[in-house]
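Peer 1: Sharing a structure below in structure tokens format, with a few things to ask.
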Amino acid sequence: MKKTNFIVSGVFAAFAIIIIVIAAGYPPSNHGVPGPGLFPILIACLILISALTLTIHTIRMPKEKDVAVDLKSRYVLNVYVTMAGLIVYVVLLPKVGFIVTTAVMLTLYIKWFGKYPWWKSLLIGVIFSVAVFLLFGYVLNVPMRYGLLI
């Protein structure tokens, strides 16, 4: 488990540093209004702090808690499903559109993880997707129109 924790913390620390470097190149704040790099930098700093915390806890971990990680367990399968779904989502989002892609992804995730009936999963996925689209598109004036569909 220690080896796995060190690998995970290293990957997330590298990811956070890359995000900080990229976001630092975004335009600065304007007249007291935060610039577009503020939020990614804050999230990346939290990821970096989490990675460092995991490293410290792993170093201090007693030998009896250092057990092997089962890469075929149900919990690890959930991680694989989530990562594969997010990769498909990122690839399809600019081609298909926000509402359709997000509604499908959420419906499938809710069905997989929540064990709800299909109609409830679909209803929640569609309502949430439309609500986020309306919130960002019309309330916050963030352009959300890309892809073939909405």
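The values are calculated or read from the model by the stated rules, or taken from the named source; none is laboratory data. Remember, predicted model here, so these are calculated numbers, not experimental data. For neighbour counting, all protein chains shown are included, and Cβ atoms are generated from backbone atoms with ideal geometry for every residue, glycine included.
Peer 1: Take MET105 and decide whether it is in contact with a Phe, Trp or Tyr (Cβ under 6 Å, 6 or more places away or on another chain), in the same structural domain as VAL79 (by TED's automatic domain parsing) and closer than 30 Å to LEU77 by Cβ.
Peer 2: Criteria met by MET105.
Peer 1: Still on this structure, I have one more. Would you call VAL76 out of contact with any helix residue (DSSP H, G or I) (no Cβ under 6 Å at 6 or more places or on another chain), among the hydrophobic types (A, V, I, L, M, F, W, C), surrounded by 11 or more Cβ atoms within 10 Å (Cβ to Cβ) and in the same structural domain as THR102 (by TED's automatic domain parsing)?
Peer 2: So VAL76 passes the test.
Peer 1: Given the criteria surrounded by 13 or more Cβ atoms within 10 Å (Cβ to Cβ), over 30 Å from VAL104 (Cβ atoms), charged (D, E, K, R) and touching a residue at least 12 places away in the same chain (Cβ under 8 Å), does LYS2 qualify?
Peer 2: yes
Peer 1: Name the single residue that is modelled with the highest pLDDT among those in the range 55-99 being more than 23 Å from TYR109 (Cβ to Cβ) and of a type in the set (Ser, Thr, Tyr).
Peer 2: If we take residues in the range 55-99 being more than 23 Å from TYR109 (Cβ to Cβ) and of a type in the set (Ser, Thr, Tyr), then THR55 is modelled with the highest pLDDT.
Peer 1: Tell me whether the range 110-118 contains one or more residues that are assigned to a helix (DSSP H, G or I) and within 24 Å of VAL8 (Cβ to Cβ).
Peer 2: Yes, some residue in the range 110-118 is assigned to a helix (DSSP H, G or I) and within 24 Å of VAL8 (Cβ to Cβ).
Peer 1: Same structure again: What residue, of LEU140, LEU149, is surrounded by fewer than 16 Cβ atoms within 10 Å (Cβ to Cβ), of a type outside the set (Val, Ile, Thr), touching a residue at least 24 places away in the same chain (Cβ under 8 Å) and more than 30 Å from ARG74 (Cβ to Cβ)?
Peer 2: Going through LEU140, LEU149 in turn, just one is surrounded by fewer than 16 Cβ atoms within 10 Å (Cβ to Cβ), of a type outside the set (Val, Ile, Thr), touching a residue at least 24 places away in the same chain (Cβ under 8 Å) and more than 30 Å from ARG74 (Cβ to Cβ): LEU149.
Peer 1: If only one of ILE17, ILE87 is surrounded by 13 or more Cβ atoms within 10 Å (Cβ to Cβ) and among the hydrophobic types (A, V, I, L, M, F, W, C), which one is it?
Peer 2: Sole residue among the options that is surrounded by 13 or more Cβ atoms within 10 Å (Cβ to Cβ) and among the hydrophobic types (A, V, I, L, M, F, W, C): ILE17.
Peer 1: Being surrounded by 11 or more Cβ atoms within 10 Å (Cβ to Cβ) and in a loop (DSSP other than H, G, I, E, B) is the filter; apply it to the range 20-46 and report the residue that is modelled with the lowest pLDDT.
Peer 2: SER29
Peer 1: Of the numbered conditions (1) buried (at least 17 other Cβ atoms within 10 Å of the Cβ); (2) hydroxyl-bearing (Ser, Thr, Tyr); (3) assigned to a loop (DSSP other than H, G, I, E, B), SER121 fails exactly one; give the number of that condition.
Peer 2: With respect to (1) buried (at least 17 other Cβ atoms within 10 Å of the Cβ); (2) hydroxyl-bearing (Ser, Thr, Tyr); (3) assigned to a loop (DSSP other than H, G, I, E, B), SER121 is out only on (3).
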